[in-house]
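Take a look at the structure set out below.
The values are calculated or read from the model by the stated rules, or taken from the named source; none is laboratory data. Everything quoted here is computed from the prediction, not taken from an experiment. When we count neighbours, we look across all protein chains shown, and the Cβ atoms used for this are built from the backbone with ideal geometry, even at glycine. The area values use the complete protein model at the heavy-atom level, side chains included, leaving out ligands, DNA and RNA. Shrake-Rupley method; radii C 1.70, N 1.55, O 1.52, S 1.80 Å.
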Amino acid sequence: NLMEKLTPVQLMFLRFVIAWLSIWLIYPKRHFHWREEGQFVVLSLVGNTLYYLSENTALQMTLASNVSILVSAAPIASIFLLRLFGNTEKLSGRQTAGVGVAFLGVMLVVFNGVFVLELNPLGDLLALAAAFLWALYGFLAKRIMDKYDTFLSTRKLMFYGMVTTVPLLLAEGKGLSGVTAMQPGDICGLLYLGLICSAVCYLMWNAAISKIGAMHANLYVYAVPVVTMLASAVFLKETVSMVGMIGVALVVGGMLLSSINNPVESS
């Protein structure tokens, strides 16, 4: 478990380094203008540094199931931000209901018939904060992805993720000491997180935001617990309960309901 070898800050920094290097190798084209960099710094703070710090710290303080459910509330947080800021993306009442149905399905999928309710106020609040940060990232990213190449934008986000994590590393006072305790399996896990979960997933997510908008892209966050549960059943032979299957049906049904006649407008 990487969280046993590395602190949340160390893990974040190393993920950003790996992701930045991999994207730079694919897209080395230079683009730097002082007046444009501020927006990338803010976006990286919201969607990289603060998001991962909140989520990883929450995992150390509360149940993983709590974090899964609360972080999956990103679409609900998106609806709140839509109402608050009057974004040009709109949802009908039926689509909003679909978001709620899918979220109920996520709860059933995460618990999968084993209901364990254990609250940790600070940890749960951090997980909820992560959901709002991810929702906010989507709306901010939409404006940037419409103007810049996806590879360039994502590379810059990873670079500023490294930069904004350095002060946290210094404040922590441990540097990268945890790296010396890593085994080959840990290194493979770290490479997976950096190359796939950070580089590839952010590239795909940013492209999706550019194409269909933040609100509708965030709906697919609900698919994450479903895919995790089904993959665990196939590869780890874990049992999927009837409650879990009902949850899958609700997630799929809610996502379909939310996707019908979605008017996607550019902001």
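Within 10 Å, count the other beta carbons around each residue, average over each peptide in 164-174, 198-208, and list them highest first.
On the way: 164-174: 13.9, 198-208: 19.6.
The peptides rank, most packed first, as 198-208, 164-174.
Packing, taken as the mean count of other beta carbons within 10 Å per residue, orders the peptides 150-163, 184-197 from highest to lowest as 150-163, 184-197. Of the options [x] 18.8, 59; [y] 18.7, 55; [z] 18.4, 63, only one is Rg and Dmax of the Cα atoms in Å as computed from these coordinates, and that is [y].
Stretching the chain fully between Ile246 and Asp146 yields a gain of 32.2 nm (0.36 nm per residue, less the alpha carbon separation).
Restricting to DSSP H runs of at least four residues, report the calculated mean residue ellipticity at 222 nm for the chain, -39500 (n - 2.57) per run over all residues, nearest 500 deg cm²/dmol. Show your work: numbers first, answer last.
Numbers: 14 runs with 188 residues, N = 267.
Dividing the helical sum by the residues of the chain leaves -22500 deg cm²/dmol.
Long hydrophobic helices in the chain: the complete DSSP H runs spanning 24 Å or more by Cα along their own axis with mean Kyte-Doolittle hydropathy of at least -1.0 are 8-26, 93-111, 121-145, 150-172, 242-259. Maximal additional length on extending the Lys211-Arg35 stretch stands at 60.8 nm, based on 0.36 nm per residue less the C-alpha distance. Taking Lys147 as the anchor, which lysines have their alpha carbon closer than 20 Å to its alpha carbon, excluding any fewer than eight residues away along the same chain? Excluding near neighbours in sequence, the set is Lys29, Lys156, Lys211.
Could you order peptides 32-42, 240-250, 214-224 by the average number of other Cβ atoms within 10 Å of their residues, highest first?
Numbers: 32-42: 11.5, 240-250: 17.5, 214-224: 22.1.
The packing order, highest mean first, is 214-224, 240-250, 32-42.
For the pair Ala233 and Lys174, a Förster radius of 41 Å applied to the C-beta separation gives a FRET efficiency near 0.60, rounded to the nearest 0.05. Taken as Cα centroids, the stretch 200-233 and the stretch 11-61 sit 18 Å apart, rounded to the nearest whole angstrom. Ligands, DNA and RNA aside, Glu4 has an accessible area near 140 Å² when probed at 1.4 Å. With the convex hull of its Cα atoms as the shape, the stretch 152-247 has an orientation-averaged projected area of 9.3 nm².
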